[in-house]
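The values are calculated or read from the model by the stated rules, or taken from the named source; none is laboratory data. Keep in mind that this is a model prediction, so the values were computed, not measured. Virtual Cβ from ideal backbone geometry, glycine too; neighbours counted across all protein chains shown. Accessible surface areas use protein heavy atoms only, side chains included; no ligands, DNA or RNA. Shrake-Rupley method; radii C 1.70, N 1.55, O 1.52, S 1.80 Å.
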Amino acid sequence: MDFTLHIAQTEAEREAIYRLRYEVYVEEMHIFNDVADHECRMLYGENDTDAWLMYAKQDGQLIGSLRLNLGKYGQFSDELEETYDLQRFRDTIQDEQLLVLTRFMVRKGYRGSRLSYRMIEEVAEICKREKIEVAVCDCQPHLIRYYQRMGFRSYACPVYNDDAFGIMIPLAFVIRDLAYLADTRSPFRKVLEQPVEDLGFIADVAASLGNASVSSVAELPEEKANWILEQLSTECTDITPHAYCGTKLFESLPAQEVKTIISKGHLLDLKQDDLMIRSGQQTTTVFMILAGEVDICKGGQVVHRAVAGEVIGELGFLLNSRRTADVRVASRHAQVLSFDESRLKQRIKSRTPTAAQLLYNLCQILAARVAPAQKKEKSMFMVAA
């Protein structure tokens, strides 16, 4: 792939980036309609004023962009302060050593290519050159592992709800924590490698992250991991007209297979009104409710209240299609398991008895959702007749 990376230097370059955002976010993803400049077909905001805007270009066309807010070149907005809990880092580093990465996007035809990696690699180079110690960003649940492989990690900043994207997970990258980058096999370790004499300082910076707000199942204490396995085997017995359940996702699967499938998943702690899934989203993550309740809404109406043991998102996963409903947390708190899509798909495509059983279970769950709707539609037809 032949492309070049640039930092916007002129207003014309910045406007081209705003137009790319409009194409991707507003026209393709149908979000930010209320804040976009529809007349000029641009999307920009307060955090763009002092930001560095990076873009990728190929054959004269912009194919990707991201935004960098560096503390040494401008004050962080209240929004960035709150979203990423920047105050927690100020006991160990100064604002000029902080960077916030947002609005990371590439055109549809380039997603999954090397472009995203190269753009983050360039960010790593900027961090090294500008003597940045911590870079923060956020991502949706289905992208957690992608960022973790690069060296980002969850920290004690709570998961938050974005009206456009739904659940977002703040992540941090400690630039000179080479030991951590080596453990995670980050591809940027060589880019950032440099003599580190103040190991105590780096340890203090890492400690400022606190406990992760999102936990990888593989890293959970045995007691908590066993609790998740128990929840996964819990059969939902809801028999309301809109019941979406009745079959266990891992029914008839060996325990070891279940452990393998969920090992790359993540445990999310959510609060009331958090938007897990937004209708129209092009995401395919499958969730299972471990504790609490969530509402599945269509046309502003609650069509089902899902409880512990139920699977959410299997339609988008199986059909690789846009989401068909909004899903919001209904209870005060909820714990949700976010499955790793690649691990789940890998198992289904393995052509093993496990794959057949897992696919069969998913189809039964999906059929249980369709049947009540068909029954209701038939009943209405008979009344009308």
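List of remarks:
- Exactly one residue among Ala218, Ala212, Ala182, Ala164 is open to solvent by 60 Å² or more (accessible area, probe 1.4 Å), in contact with a Lys or Arg (Cβ under 8 Å, 6 or more places away or on another chain) and on the phi < 0 side of the Ramachandran plot, and that residue is Ala218.
- Test for Ala207: is it at pLDDT 80 or above and open to solvent by 70 Å² or more (accessible area, probe 1.4 Å): yes
Residues checked against (1) assigned to a helix (DSSP H, G or I); (2) within 20 Å of the chain's Cα centre (by Cα):
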{"position": "Glu79", "(1), (2)": "yes, yes"}
{"position": "Arg88", "(1), (2)": "yes, no"}
{"position": "Lys131", "(1), (2)": "no, no"}
{"position": "His142", "(1), (2)": "yes, yes"}
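Table: residues versus (1) at pLDDT 80 or above; (2) basic (Lys, Arg).
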residue	(1), (2)
Leu229	yes, no
Cys236	no, no
Pro241	no, no
Thr247	no, no
Phe250	yes, no
Pro254	yes, no
Lys259	yes, yes
Ile262	yes, no
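- In segment 344-385, the residues that are touching a Cys at 6+ places or on another chain (Cβ under 9 Å) and either modelled with pLDDT under 65 or not hydrophobic (A, V, I, L, M, F, W, C) (or both): Arg369
- Within segment 30-54, the set of residues being open to solvent by 50 Å² or more (accessible area, probe 1.4 Å) and of a type in the set (A, V, I, L, M) comprises Val35 only.
- Verdict on Ile126 being open to solvent by less than 60 Å² (accessible area, probe 1.4 Å) and within 29 Å of Asp269 (Cβ to Cβ): no
- Pairs where the first residue, in segment 81-93, is over 20 Å from Tyr160 (Cβ atoms) and the second is open to solvent by 40 Å² or more (accessible area, probe 1.4 Å) and among the small types (Gly, Ala, Ser), C-beta under 9 Å, 6+ apart: Thr92/Ala207
- The residue of segment 326-358 that is most open to solvent (accessible area, probe 1.4 Å), among those that are within 17 Å of Pro141 (Cα to Cα) and small (Gly, Ala, Ser), is Ser342.
- Every pair of residues 6+ apart whose Cβ atoms lie under 9 Å, when the first sits in segment 1-14 and is under 23 Å from Gly109 (Cβ atoms) and at pLDDT below 95 while the second is β-branched (Val, Ile, Thr) and outside any helix (DSSP H, G or I): Phe3/Ile63
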